[in-house]
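Quick notes on the structure that follows.
The values are calculated or read from the model by the stated rules, or taken from the named source; none is laboratory data. From a predicted model like this one, the values you see are computed outputs, not experimental measurements. Every residue, glycine as well, gets a Cβ built from its backbone with ideal geometry; the counts of neighbours run over all protein chains shown. These accessible areas exclude ligands, DNA and RNA; they are computed on the full protein's heavy atoms, side chains included. Shrake-Rupley method; radii C 1.70, N 1.55, O 1.52, S 1.80 Å.
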Amino acid sequence: MKIIPSWVPQTTIVDLQWDDTTLSDPRPKGAWWGEIAFLVQRAAGNQGEWEWEPAAGLLELWVPDPDVPGYRHLVATLDQFTLPLTNPGTAGAGRLAPGLAPVVGDLTLDWQGSLTL
């Protein structure tokens, strides 16, 4: 999936992994990888965990805190998101978590689905 921030002229890629059998859970979770994880200053790597709220169509991207076991930091929230991501033309809006970039105002972004098997 492509993440296109409004505050910088570049695009970043986020790879999601999911298990189709867990998508019927009330709040499914899975792994993700992407350079956007490094916006959290203390991120230990580019891997995090996503949580999806199917009823609201929200996907949250989290990274673990390497110093506090069990604690994590929100990186971004993507709106109008559905899983499984089967249509490469799927797109929506979202926002970066507050305080992760040195800008004033809303840190909005667009996302575009892409499918790699």
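Which of the strands (runs of 3 or more DSSP E) found entirely inside the stretch 1-52 contain at least 2 residues meeting this: without any contact (Cβ under 8 Å) to a residue 60 or more places away in the chain and in contact with an Asp or Glu (Cβ under 7 Å, 6 or more places away or on another chain)?
Where strands (runs of 3 or more DSSP E) fall fully within the stretch 1-52 and carry at least 2 residues being without any contact (Cβ under 8 Å) to a residue 60 or more places away in the chain and in contact with an Asp or Glu (Cβ under 7 Å, 6 or more places away or on another chain), they are 29-34.
For the subset of the stretch 90-107 comprising residues that are open to solvent by less than 60 Å² (accessible area, probe 1.4 Å) and of a type outside the set (A, V, I, L, M, F, W, C), which member is nearest to residue 7 (Cα to Cα)?
Within the stretch 90-107, the match that is nearest to residue 7 (Cα to Cα) is 105.
Residues that are open to solvent by 70 Å² or more (accessible area, probe 1.4 Å), at pLDDT below 95, closer than 22 Å to residue 102 by Cβ and among the basic types (Lys, Arg): does the stretch 38-45 have at least one?
Scanning the stretch 38-45, I find at least one residue that is open to solvent by 70 Å² or more (accessible area, probe 1.4 Å), at pLDDT below 95, closer than 22 Å to residue 102 by Cβ and among the basic types (Lys, Arg), so the answer is yes.
Given (1) surrounded by fewer than 17 Cβ atoms within 10 Å (Cβ to Cβ); (2) touching a helix residue (DSSP H, G or I) at 6+ places or on another chain (Cβ under 7 Å); (3) not charged (D, E, K, R), identify the lone condition not met by residue 68.
Of everything listed in (1) surrounded by fewer than 17 Cβ atoms within 10 Å (Cβ to Cβ); (2) touching a helix residue (DSSP H, G or I) at 6+ places or on another chain (Cβ under 7 Å); (3) not charged (D, E, K, R), residue 68 misses just condition (2).
Among the residues of the stretch 80-117, how many are among the β-branched types (Val, Ile, Thr) and modelled with pLDDT of 80 or more?
Residues meeting the conditions: 3.
Which of the residues that make up the stretch 64-102 are β-branched (Val, Ile, Thr) and over 14 Å from residue 15 (Cα atoms)?
Passing the criteria: 68, 75, 77, 82, 90.
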